[in-house]
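Take a look at the structure below.
The values are calculated or read from the model by the stated rules, or taken from the named source; none is laboratory data. Everything quoted here is computed from the prediction, not taken from an experiment. Note that each Cβ is placed from the backbone with ideal geometry, even for glycine, and that neighbours are counted across all protein chains shown. Accessible surface areas use protein heavy atoms only, side chains included; no ligands, DNA or RNA. Shrake-Rupley method; radii C 1.70, N 1.55, O 1.52, S 1.80 Å.
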Amino acid sequence: MAVFVAAVSACTASQYSPASVPAGVSLPRPGGMPGYYVVVAGREVVVRASGDGHVTGSVAIPGPPGNARSPVGGEPFASADGRRFVIVVSRGGDLPGVSDDTLFLLTVSPGGRPGKLSRLNFDSRGVPVIGAALSPDGRLLALSLVQEFPPGPLYGSVEVITVASGATRTWTGRDAPGYWPGVPAWAGDGTVMVPWWHDTGHGMIPAEITGVRYLDLAAPSGSLAAARLIAFPAPTAGLASALIGPGGGDVITSSCRAGHHTATVRIAELSATDGRLVRVLRTQTARFGNDADAQDAIFSTCQVLSVAGDSDHVLVQAFAFGRVDNGVFTSLPGTTPRVRPVSAAW
């Protein structure tokens, strides 16, 4: 059990006026907060209102249940319009770092009702998908994958899939061992951006970001390392997660450190151009019963989950799950005692 002992944010909450809306409809606040967020809880996708977290609908994930030998988990990734979501369902196996990943597309109505899950044409070939992003027009899907097996230096790849046909283009990072692409984002319909991660000896968490790579879809696919890299003057180290914000000008990151029976998380905005610190959105210190629990929290619940607006609205799993609006944290429902940590997006 974690006890929160300190919370410091660099911004103050923006004020807004209540509006008269039809019953059951959650409108975004001024500034771009989406009306709803999506949570994957076990074998169910649940839609919740961003204001207070009440459930507006749910849909079951097809397929057999998991077990101790073959666990099943899922993670949602939102499109820029906040209405379409890619659900990545991962089924593990006997080999570490290997999973059978299935992709579904979900559309949420303006009233927060989920449609049916549509399975996408995709074969992960046992390589875990760590990030997904629909293009603004919805015709293309960018995926980031990381190769962890067989044991050795990590490397990753980016695949861009035509949603209608399943046609796939691949940029592989096999010639850049120890580096991998983070969660993709789109700069218009023709360019994919990815944080460029580097293993500093700890695997994927914590690691450092050395810059941002840009994949021009008008150019041939092939080598990921040959794609244009905007390198930071110095790597940003000690990060647990990072998402490129809407518009592509910033990167929202999480980092954690442990103390004696405590852990502290920092949610920060960095420039996507040079990695410089722009602002700290949130710091939170939690107290734990022992150092082992603190280390476990750092590994599993120190995450930026989704970013919206002008990067002023962020879903986080910063020991507790909730949203950060202009630096102010609001706790939200999103998990059950059997499903931790939270997988959510908006």
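Within the range 99-119, the set of residues being hydrophobic (A, V, I, L, M, F, W, C) and open to solvent by 20 Å² or more (accessible area, probe 1.4 Å) comprises Leu105, Leu117. Among the residues of the range 256-275, just one is among the basic types (Lys, Arg) and in contact (Cβ under 8 Å) with a residue 40 or more places away in the chain, namely Arg257. Only a single criterion out of (1) within 15 Å of the chain's Cα centre (by Cα); (2) at pLDDT 95 or above; (3) open to solvent by less than 30 Å² (accessible area, probe 1.4 Å); (4) over 18 Å from Val45 (Cα atoms) is not satisfied by Trp186, namely (3).
Every test in (1) open to solvent by 50 Å² or more (accessible area, probe 1.4 Å); (2) touching a Lys or Arg at 6+ places or on another chain (Cβ under 6 Å) is passed by Val160 save one, and that test is (1). Farther than 23 Å from Leu141 by Cα, at pLDDT below 90 and either hydrophobic (A, V, I, L, M, F, W, C) or buried (at least 16 other Cβ atoms within 10 Å of the Cβ) (or both), is that true of Pro96? For Pro96, the condition - farther than 23 Å from Leu141 by Cα, at pLDDT below 90 and either hydrophobic (A, V, I, L, M, F, W, C) or buried (at least 16 other Cβ atoms within 10 Å of the Cβ) (or both) - is not met.
Restricting the search to the range 92-136, which residues are among the β-branched types (Val, Ile, Thr) and assigned to a loop (DSSP other than H, G, I, E, B)? Once the filter is applied, which keeps residues that are among the β-branched types (Val, Ile, Thr) and assigned to a loop (DSSP other than H, G, I, E, B), the range 92-136 yields Val98, Val127.
Any idea how many residues of the range 189-204 are aliphatic (A, V, I, L, M) and open to solvent by 10 Å² or more (accessible area, probe 1.4 Å)?
Here the count works out to 1.
On the stretch given as the range 273-326, residues that are in a loop (DSSP other than H, G, I, E, B) and either of a type in the set (S, T, N, Q) or open to solvent by less than 30 Å² (accessible area, probe 1.4 Å) (or both) total 9. The residues of the range 251-263 that are open to solvent by 20 Å² or more (accessible area, probe 1.4 Å) and assigned to a strand (DSSP E or B), listed by number, are Ser255, Cys256, Arg257, Ala258, Thr262. Does Ala237 satisfy the condition of being free of Cβ contacts under 8 Å to residues at least 60 places away in the same chain, assigned to a strand (DSSP E or B), open to solvent by 60 Å² or more (accessible area, probe 1.4 Å) and hydrophobic (A, V, I, L, M, F, W, C)? Yes, satisfied. Filtering the range 74-91 for residues that are open to solvent by less than 30 Å² (accessible area, probe 1.4 Å), among the hydroxyl-bearing types (Ser, Thr, Tyr) and in a strand (DSSP E or B) leaves an empty set.
Set side by side, the residues Thr210, Thr285, Thr253 differ, and just one is under 17 Å from the mean Cα position of the chain (by Cα) and touching a residue at least 12 places away in the same chain (Cβ under 8 Å), which is Thr253.
Residues of the range 14-32 include none that is surrounded by 17 or more Cβ atoms within 10 Å (Cβ to Cβ) and at pLDDT 85 or above.
Scanning the range 327-342 for residues that are part of a loop (DSSP other than H, G, I, E, B) and either touching a Lys or Arg at 6+ places or on another chain (Cβ under 9 Å) or at pLDDT 95 or above (or both) yields Gly327, Leu332, Pro333, Gly334.
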